[in-house]
Structures are given as C-alpha cells and as structure tokens.
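Written out below as structure tokens is the structure these notes cover.
The values are calculated or read from the model by the stated rules, or taken from the named source; none is laboratory data. Predicted model, so just to flag it, every value in this text is computed and none were measured. Here the Cβ is made from the backbone with ideal geometry for all residues, glycine too, and neighbour counts use every protein chain on show.
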Amino acid sequence: MESIYCAPNPILFGVGSSKETGKKLKEFGCTKVILVYDMGIKKVGVVDKIDEIIKAEGIETVYYDNVQADPPIWSVEEAGALAVKEGCDGVVGIGGGSSLDTAKGTKLLITNPPPLRQYFGRVGVVTKPSVPLIVIPTTAGTGSECTPGGVITDTEKNIKTNIAGTGCTVTLGIVDPELTVGLPRFITAYTGFDALGHCAEAYTSRLANSICSCIAREGIQLIGKYLVRACNDGTDMEARAGMSLAASLGGMAMSGPYCHLPHDIGRSLGTKFHVPHGNGCCATLPQVLQMIAGVKTEEVKFIAGALGNPVPDGASVEEIGKYAYDAALKLMKDTGVPSLQDLKLNLDDLLREVPAEVVMQMDIFKKLGFGVCTCPLDITEKDVADVLTRAYYENHFPKE
Ligand SMILES: [Fe+2]
C-alpha cells in the first residue's frame, strides 16, 4: 500500500520573487507582522531588504531575531509571546529551516496558547487556525516551505519532535534563489545534501508513493546536475535556481513517505552533538544507499545514474549498491561537505549515544500509528553502529 501525498501550500518561485512579499501580505489583510530570523541572516542584509519591501506597502514590522539552531521550545515560545504582545496579524519567517520552523511555531502560538509542548506530534493534534504565514527560505535544503509541520527540539527529553495542525500551516512560501547567492560553500554543500536526503530517502522509503517518487526523481537529478556547480561558484544563478527548486521538491517528496535512516541518524547527531542538520543527515548516505540496494534496487540504480555514475546493464545488486555508494561519496568529496572527523567528533561517543536513540525513535514512529518504520530494511542498533563506523572512516577526505 502507498502512503498519502498531501499537496503543499502555494509556492511563489523564481529569481526576484521575494520582492512580492509586501504585496502578498497586503492581499492577506495583514497590518502588522513579526519577522522571525537569526542574526546571521540579518548581517548579510537579507532581513533589511525584506523589511523595506514590507514597509513599502504600509505594513508595520516587529522583529524576533533570536532564532536558535534546532529551535528549542523556549525560543519558539519567546517569539510567540512577542507576537501576541505586539498584536501581530501576520508572520514572516526568513532564513534556513530553524527560522522557518520557529516562524511556524510563532504562528501557532498566536491563536493557540502555550505551552507549545501540548501541540507536539502529527497524529490527532487539533489546533485553531491562525494568522497568515509567509516563509522565505535563504538556503536550498530544508524544503520547510513545502512541509505541513515544523521540527522543534524538546529540550527536556533532548529529542527532536514536531508541531503540526492547521495552526501552523504555511500560507505562502516565497522561494527566491537570489537569496541563496551569499551562502558560504560549506552551507551550500550540507543544505544541498539535506535536500538530497529528502528526495533519496522519500524515494526509497517503505512508505514511498508514486506521486512523491516522481517529484523525488526530478529533485535528485537537479542535485546531481547543480550541487557541485553551486558550491564552486555561488553566483551561478542557474545552479542556485536548480538547487532551490530541488529543495522545494524535496519538501514535497517527503510529505507522506518521510525520510529514513540517514535522517534518523542525522537528527540524533543534531540533538546529541549539535551537528548541523544537513551535515548529520548526509553523514551516512553512501553506506545506506549501498545497504538498501537489495530491496530498493531500481531506485538505488536511478540515484547512482542521476548523481553521475550510471550503472551498466546487467549489473548485479551488489554492483548497483557500489555505484550508488561511489556516486554519493564523490559528491561529498567534490562539494567539500564536512565529515564527522572534520567536525572533531569522537566515534566512541557517537556509538554510545546514536544507535540506541535511532532505534528508539523508529519504535516511537511505529507506535504513532504508521505500523512500520520508513527504512526499507528492519534496523537494529548494531546496524546503526556498523553504518556509523564505516561512515566515520570512509566518508572523510583529508585535505591534500
Ligand atoms: Fe532534512
């Protein structure tokens, strides 16, 4: 049986599209909006640009500039309280996934009182509709502009969880590739790998569906064509636009199938070791593609080809797995995405924390009503430990 594909919110896509932000807010009837972002994105001038565009339409703005990586409950509640205190009737999230998720939580809390904790989970959560929300990604990775919920860190339990429901839906995503031009190479690399994970994992998920698979295949091809180009020349607008599109497609592709093992490991690396999301999620991708070639043969074969390493006719399952592994590994090397060793992580520490956490999270997912885990293979703690150990040594390219 296939999972359900849910069409996302409207998306305004294209170079220069962020200039429409003010007009769109006016169409939605907003008079005072809260901008949600972090200081990094403020420093590169993007926030001021959007702020001017909004004010030009006679709309007042207030600012929440304290977005945290892997947004913790306290930060989202802080932003929500500010929006309520200021009487905001609209929310604009600007930045990477953390800013967009914080903006979703801010919208939620405007009509749904805190604590935020009571809205966690995807099943059976009822929330009241809220004010309009525009999200404007400045990275090409998270796809958060196309996903129905937001990822929040439960700091008490030290796990990542989700907010969901009508209270936090995106009213409009504005994807302007021009905003990604100033991204440093390493952020371009790991956010691009995040998008690849969304597409490749949704495509090979146990809950894959035909519609999401079409979307995922296009996303993987775009990433194969453009990720290295975007890393090598940040001003290459064709590559930037290709990657922005791939990221949005990734958000759509995982709406139903979800992601699997590489993202499960990535989430654990994020909460326990503060590894940036995209960086953690690609850390084991080559090994996992190789591992699942026996059960997702055609899909893995497609991924190898789309990433520039086409599989010859008559190749065995083992060879197909190796082609995909080589393709993903080469992409890591060519983009210069930081390895687990580059991040100064200790393998023993990882093995102590990550395998148990990943298997526990898979069990929670099963109990939430899905009945199965999304990984196409049943996974034990030993499997996670093996994959992680291989990735630690194999996916590392000492600088020459
Ligand atoms: Fe992700």
Please go through segment 37-69 and give me each residue that is of a type in the set (D, E) and either more than 25 Å from P184 (Cα to Cα) or outside the structural domain of K19 (by TED's automatic domain parsing) (or both), ordered by number. E57, E60
Contacts under 8 angstrom Cβ, first residue in segment 57-81 being within 18 Å of V47 (Cβ to Cβ), partner among the acidic types (D, E) and in a loop (DSSP other than H, G, I, E, B), 6 or more apart: V62/E86
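Condition check ((1) surrounded by 22 or more Cβ atoms within 10 Å (Cβ to Cβ); (2) touching a residue at least 24 places away in the same chain (Cβ under 8 Å); (3) closer than 19 Å to P8 by Cβ; (4) charged (D, E, K, R)) across all residues:
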| residue | (1), (2), (3), (4) |
| --- | --- |
| F120 | no, yes, no, no |
| P137 | yes, yes, yes, no |
| P148 | no, yes, yes, no |
| I152 | yes, yes, no, no |
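For segment 379-400, which residues satisfy the criterion of being outside any helix (DSSP H, G or I) and surrounded by 14 or more Cβ atoms within 10 Å (Cβ to Cβ)?
First pass over segment 379-400, keeping only residues outside any helix (DSSP H, G or I): 379-380, 395-400.
Selection gives I379, N395, H396, F397.
Report whether or not V135 is within 16 Å of the ligand (Cβ to nearest atom) and outside any helix (DSSP H, G or I). Before the answer, list the steps.
Numbers: within 16 Å of the ligand (Cβ to nearest atom): yes; outside any helix (DSSP H, G or I): yes.
The answer is yes for V135.
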Give the residue that is modelled with the lowest pLDDT, with candidates limited to residues of segment 233-288 that are polar (S, T, N, Q) and under 23 Å from T138 (Cβ atoms). S255
If we ask which residues in segment 171-214 are buried (at least 24 other Cβ atoms within 10 Å of the Cβ), of a type outside the set (F, W, Y) and part of a helix (DSSP H, G or I), their number turns out to be 17
So L245 clears everything in (1) in a helix (DSSP H, G or I); (2) within 16 Å of the ligand (Cβ to nearest atom) except one condition, right? Which one? (2)
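Can you tell me which residue among V295, V359, V288 is touching a residue at least 12 places away in the same chain (Cβ under 8 Å), over 22 Å from the mean Cα position of the chain (by Cα) and closer than 21 Å to G256 by Cα?
On the way: V359 fails: over 22 Å from the mean Cα position of the chain (by Cα); V288 fails: over 22 Å from the mean Cα position of the chain (by Cα).
None of the other options fit; the residue is V295.
Listed here are the residues, each with its yes/no results for (1) in a helix (DSSP H, G or I); (2) under 25 Å from the mean Cα position of the chain (by Cα); (3) under 22 Å from G105 (Cβ atoms).
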site	(1), (2), (3)
L12	no, yes, no
K26	yes, no, no
E52	yes, no, no
E57	no, no, no
Y63	no, yes, yes
Segment 258-290 - residue that is more than 13 Å from the ligand (Cβ to nearest atom) and not in a helix (DSSP H, G or I) and, of those, nearest to P355 (Cα to Cα): T284
